[in-house]
Amino acid sequence: NAEIRKVELVPKDFPKDLVLAPLPDHVNDFTWYKNRKKSLGIKPVNKNIGLSIIIPTFNRSRILDITLACLVNQKTNYPFEVVVADDGSKENLLTIVQKYEQKLDIKYVRQKDYGYQLCAVRNLGLRTAKYDFVSILDCDMAPQQLWVHSYLTELLEDNDIVLIGPRKYVDTHNITAEQFLNDPYLIESLPETATNNNPSITSKGNISLDWRLEHFKKTDNLRLCDSPFRYFSCGNVAFSKEWLNKVGWFDEEFNHWGGEDVEFGYRLFAKGCFFRVMTRRE
């Protein structure tokens, strides 16, 4: 539902002396780093273990309903909460949220509609988060059952990584949220399909694929990549909330679609964060 308009890639008044922070002199070898910390006996210290799942949204109540249903079906002993962050929707999303108050630890926060303010509403959700680890999940990214468990298992071992989850495109137009609630395996059983709603895809036969999959394969899930922030898409990511104190929050000057997640990822990598892809098996 975002406004679409043509913008200049580099504004004419862009300051010529403005430069990005330098990047680390190493590749994104999270395996070496993890083993090094283990050999030195360095373990993360967490005060409030759990995952705060931030779901930014603007309208799209039916899709949000399905995503929340899939979160109800999570198999994990870890605590988690859901924060629905509303960017001034005209649809009544509170009604959807209230359906899940007895099934999830769920909160609803809303800001006025000032146009496309994705970064601002992400920050609003992040400020509301109560746990040490946070995830940003698009409202149309319905997770499989072990999603919370797999993310927290990795983050508790190493809080200096950011986890990136790939996408699988499926068709849910003729399926209700109640069907997902009643069948926890339904979301995983749906076949991949084609979509023309996302510019960040590639095609293979009659299905659409996450464009990043090819790069993940070439770089051993970004381990051998020297610029992993390029693949940091905030539709499905998780990291320690401590990193917000180190690099700052999402830049709210971004008020049109695109670029804000890569810029945030750049700051994470520049400050020493490692990026790891979570495969579908995880």
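Read the figures in this text as sums done on the coordinates, not as results from a lab. Keep in mind it's a predicted model, so treat the numbers as computed, not measured. Cβ placement follows ideal geometry from the backbone for every residue including glycine, while neighbour counts extend to all protein chains displayed.
From least to most packed, judged by other beta carbons within 10 angstrom and beginning with the fewest, E260, E192, E253 follow the order E253, E192, E260. Given the options S39, S150, S208, state which has the largest fluctuation in a GNM of the chain using a 10 Å cut-off (strictly under) for Cα springs. Judging by the Gaussian network model, the answer is S39.
The antiparallel fraction among DSSP beta bridges confined to the chain stands at about 40%.
Can you list which of the DSSP-assigned H helices in the chain have a Cα extent of 30 Å or more along the long axis and an average Kyte-Doolittle score of at least -0.5?
Working: long enough: none.
Length and hydropathy pass: none found.
Modelled spin-label separation between D220 and T193, with each label point placed 7 Å from Cα along the Cα-to-Cβ direction: 3.8 nm. Gain on full extension, evaluated as 0.36 nm per residue between W249 and W32 minus their Cα-Cα distance, stands at 75.3 nm. Distant-in-sequence amide contacts of V277, defined by a placed amide H-H separation under 5 Å and a gap of 5 or more residues or a different chain, comprise I164. Can you compute the helix-only [θ] at 222 nm over the chain? Use -39500 (n - 2.57) per DSSP H run of at least 4 residues, normalise by all residues, nearest 500 deg cm²/dmol. One gets -8000 deg cm²/dmol as the mean residue ellipticity at 222 nm.
How would you rank 58-64, 264-270, 41-47, highest first, on the average number of other Cβ atoms within 10 Å across their residues? Could the numbers behind the result be given before it?
Details: 58-64: 18.1, 264-270: 21.1, 41-47: 10.3.
Going from most to least packed, we get 264-270, 58-64, 41-47.
Comparing mean-square fluctuations of D65, D158, D113 from a GNM of the chain with C-alpha springs under 10 Å, the top value falls on D113.
I'd like the FRET efficiency for I49 and N206, computed as 1/(1 + (r/R0)^6) with the beta carbon distance as r and R0 of 35 Å, rounded to 0.05. All intermediate terms of the calculation are to be shown ahead of the outcome.
On the way: r = 43 Å, r/R0 = 1.23.
According to the calculation, E is roughly 0.20.
Other residues with beta-carbon under 13 Å from the beta-carbon of L93 carry, at +1 per Lys or Arg and -1 per Asp or Glu, a net charge of +1.
Counting only other residues whose beta carbon sits under 11 Å from that of N35, what net charge do I get with K and R as +1, D and E as -1? All intermediate terms of the calculation are to be shown ahead of the outcome.
Numbers: positive: K34, R36, K37, K38; negative: D29, D158.
Taking every other residue near N35 into account, the sum is +2.
Looking only at I136, I55, I96, which one moves most when the chain is put into a Gaussian network model with springs between Cα atoms under 10 Å? Comparing I136, I55, I96 in a Gaussian network model of the chain, the most mobile one is I96. Note on E154, E214: ascending count of other Cβ atoms within 10 Å places them as E214, E154, the fewest first.
Using r as the Cβ-Cβ distance of S39 and K90, and R0 as 51 Å, what FRET efficiency do you calculate, to the nearest 0.05?
Values: r = 55 Å, r/R0 = 1.08.
The calculated FRET efficiency here is 0.40.
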